[in-house]
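Encoded as structure tokens, the structure appears first; notes follow it.
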Amino acid sequence: EEQTVVQVNRLRTTVALSKGKSSAMRFTHKPTGKPLYVVYNRLFNRLPTIAQKPDNVIQFPSDDKFYIFDAKYRIQFDRDYVKLYGGPGPTTEDVNTMHRYRDAIAIPHPMKPTEYKQGVVSGAVVLFPYPNETPYRDHKFYKSIRQVEIGGLPFLPGSTTLVREKLNALL
């Protein structure tokens, strides 16, 4: 319904995603009428520790409920990893980054300027390049999303079912 991602200038369309610059799109979930925002390069810099900047944040209508989808263009598939986690998937380092986002991102308390509201990130998943969604349902980092809202989802053109299912569940 509203966005700062695509710009049209005299019959020319350009995508305005720039590293270091925040861009956003506002959507309305038609079945429920609920609004939601997808923000690229959202900077959480008013933290008492270190600024955090995930690639994509889904923000619900309140200012204090976030779900992070962070695109990482890496996949791990060595023998030990496959044996331990049940197939190719996101790197363990990237999954640990999702834990960090969930734990590190806080927002200033609206009434108490020296305090922070924690727990505003309800979950975080790595989006990684993998085309085989059906066997991935048995992967440890897919199952962990249901358990602790941290994990990974395959995301490529033509491989969007699991991401779509997660978005619908969030809405």
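Just so it is clear, none of the values below were taken in a lab; they were calculated from the coordinates. Note that the coordinates shown come from a computational prediction; the quantities given were computed from them, not determined experimentally. Here the Cβ is made from the backbone with ideal geometry for all residues, glycine too, and neighbour counts use every protein chain on show.
The table that follows gives values for the structure above.
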quantity	calculated
Where labels lie 7 Å past Cα in the beta-carbon direction, separation of HIS29 and LEU47 in nm	2.6
Cβ charges +1 (Lys, Arg) and -1 (Asp, Glu), total dipole of the chain, debye	280
Residue range of the chain that is longest and free of chymotrypsin sites (Phe, Trp or Tyr not before Pro) which are both DSSP loop and sparsely packed (at most 16 other C-beta within 10 Å)	78-171
Phi-based couplings in Hz for segment 125-137 (Karplus 6.51, -1.76, 1.60; Gly and Pro marked x)	10, 7, 9, 9, x, 8, x, 9, 6, 4, x, 5, 4
The chain: antiparallel DSSP beta bridges as a percent of all, rounded to 5	70
Mean separation of Cα contacts under 8 Å, 6 or more apart, over the residue count of segment 32-171: relative contact order %	21
FRET efficiency estimate (nearest 0.05) - Cβ-Cβ, GLU115 to THR161, R0 35 angstrom	0.30
Rg(Cα)/(2.2 N^0.38 Å) for segment 71-151, N = residue count	1.33
Taking all pairs of distinct alpha-carbon atoms in the chain, Kirkwood radius in angstrom	17.3
At most 16 other Cβ within 10 Å, DSSP loop - trypsin sites (Lys or Arg not before Pro), segment 31-113	ARG46, LYS65, ARG74
Longest exposed-site-free window of the chain, the sites being GluC sites (Glu not before Pro) in a DSSP loop that have at most 12 other C-beta atoms within 10 Å	2-114
Value of Rg to Rh for segment 89-129 (Rh from inverse mean 1/r over Cα pairs, i.e. Kirkwood)	1.15
